[in-house]
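Visitor: Quick one: this structure, given as structure tokens, is what I'll be asking you about.
The values are calculated or read from the model by the stated rules, or taken from the named source; none is laboratory data. On a predicted model such as this, the values are computed, not experimentally measured, just so you know. Please note: Cβ atoms are built from the backbone with ideal geometry, for glycine as well, and neighbour counts cover all protein chains shown. Heavy atoms of the whole protein, side chains included, go into the accessibility calculation; ligands, DNA and RNA do not. Shrake-Rupley method; radii C 1.70, N 1.55, O 1.52, S 1.80 Å.
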Amino acid sequence: EPEVTQTPSHQVTQMGQEVILRCVPISNHLYFYWYRQILGQKVEFLVSFYNNEISEKSEIFDDQFSVERPDGSNFTLKIRSTKLEDSAMYFCASRPSHNTGELFFGEGSRLTVL
Amino acid sequence: AQRVTQPEKLLSVFKGAPVELKCNYSYSGSPELFWYVQYSRQRLQLLLRHISRESIKGFTADLNKGETSFHLKKPFAQEEDSAMYYCALSGRRRTSYDKVIFGPGTSLSVIP
């Protein structure tokens, strides 16, 4: 069964460094999402992406964040200058079409900012 | 404003006992409600959705629009049901769905 895959599974970085988290959504899906979960807190929406552009973003998704789908398969989340409070689990998700609200999640990338 | 609440952070029940995980929501339009589950060391996955009205792994959930609730129930808990359960909501538009927003989650522990 096709799955959403994410890399790396865990990344440790120094404050102020740039980080890129990678996701390969399920191949025929049309909508793509990033969520994050700070330890002990809820799963929070960051951004949705459709038709090669951002369709919605939360107030968490400030100028330090960007997303790209550079080659039609990868979907990346970049954090330009990481802060301590960016430490979290980042989940990528995809959705097949506009006919369903169901999301298919990756296993997550744990980001630790020191 | 869209909001999903789950009042219990932790819930422990004995094997064979009934279980109910509570979920309430607020949404001004027509939402679709979901329950997602995350077993230990696994990814978040859909358990069930209100529009399908089906029972998955013995779990059911009924949307009560009057009480704006979508509680998850199972008559006899099993040890393998131990997991983190998230209630979630997606706004339904005429031709598509909004982003999914999640409640804070309830950790269910089934005691043998």
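Visitor: Among the residues of the stretch A:82-98, write down those that are surrounded by fewer than 16 Cβ atoms within 10 Å (Cβ to Cβ) and part of a helix (DSSP H, G or I).
Guide: Filtering the stretch A:82-98 down to residues surrounded by fewer than 16 Cβ atoms within 10 Å (Cβ to Cβ) leaves A:83-85, A:96-98.
Scanning the stretch A:82-98 gives A:Leu84, A:Glu85.
Visitor: Considering every residue within the stretch B:101-108, establish whether at least one is modelled with pLDDT of 95 or more and more than 18 Å from A:Glu44 (Cα to Cα).
Guide: yes
Visitor: Looking at the stretch A:43-58, which of the residues that are within 13 Å of chain B (Cβ to nearest Cβ) and not in a strand (DSSP E or B) is nearest to B:Leu44 (Cα to Cα)?
Guide: Filtering the stretch A:43-58 down to residues within 13 Å of chain B (Cβ to nearest Cβ) leaves A:43-51, A:54-58.
Right, trim to not in a strand (DSSP E or B) and you get A:51, A:58.
Working: A:Asn51: 25, A:Ser58: 21 Å.
Only one residue tops the list, namely A:Ser58.
Visitor: If you go through the stretch B:71-93 one residue at a time, do you hit one that is within 30 Å of A:Ile54 (Cβ to Cβ) and out of contact with any Phe, Trp or Tyr (no Cβ under 9 Å at 6 or more places or on another chain)?
Guide: yes
Visitor: Of all residues in the stretch B:27-36, which are open to solvent by less than 10 Å² (accessible area, probe 1.4 Å) and away from chain A (no Cβ under 11 Å)? Break it down into steps so the answer makes sense when it comes.
Guide: Residues of the stretch B:27-36 that are open to solvent by less than 10 Å² (accessible area, probe 1.4 Å), as a first pass: B:32-36.
Hit for the stretch B:27-36 is B:Trp35, nothing else.
Visitor: With respect to B:Arg53, is the statement that it is closer than 21 Å to A:Gln37 by Cα and not in a strand (DSSP E or B) true?
Guide: On the way: closer than 21 Å to A:Gln37 by Cα: no; not in a strand (DSSP E or B): yes.
Here the answer is no, as B:Arg53 does not meet what is asked.
Visitor: Looking at the structure I just gave you, is B:Pro112 of a type outside the set (Phe, Trp, Tyr) and within 12 Å of chain A (Cβ to nearest Cβ)?
Guide: On the way: of a type outside the set (Phe, Trp, Tyr): yes; within 12 Å of chain A (Cβ to nearest Cβ): no.
Criteria not met by B:Pro112.
Visitor: Looking at A:Gln64, A:Gln41, A:Gln17 in this structure, which one is surrounded by 11 or more Cβ atoms within 10 Å (Cβ to Cβ), over 11 Å from the mean Cα position of the chain (by Cα), without any contact (Cβ under 8 Å) to a residue 40 or more places away in the chain and farther than 27 Å from B:Tyr36 by Cα?
Guide: Details: A:Gln41 fails: farther than 27 Å from B:Tyr36 by Cα; A:Gln17 fails: without any contact (Cβ under 8 Å) to a residue 40 or more places away in the chain.
The match here is A:Gln64.
Visitor: If you check B:Arg92 against the conditions, is it more than 19 Å from A:Gly106 (Cα to Cα), open to solvent by 30 Å² or more (accessible area, probe 1.4 Å) and not acidic (Asp, Glu)? Outline the logic, then answer.
Guide: On the way: more than 19 Å from A:Gly106 (Cα to Cα): yes; open to solvent by 30 Å² or more (accessible area, probe 1.4 Å): yes; not acidic (Asp, Glu): yes.
When the stated conditions are applied, B:Arg92 passes them.
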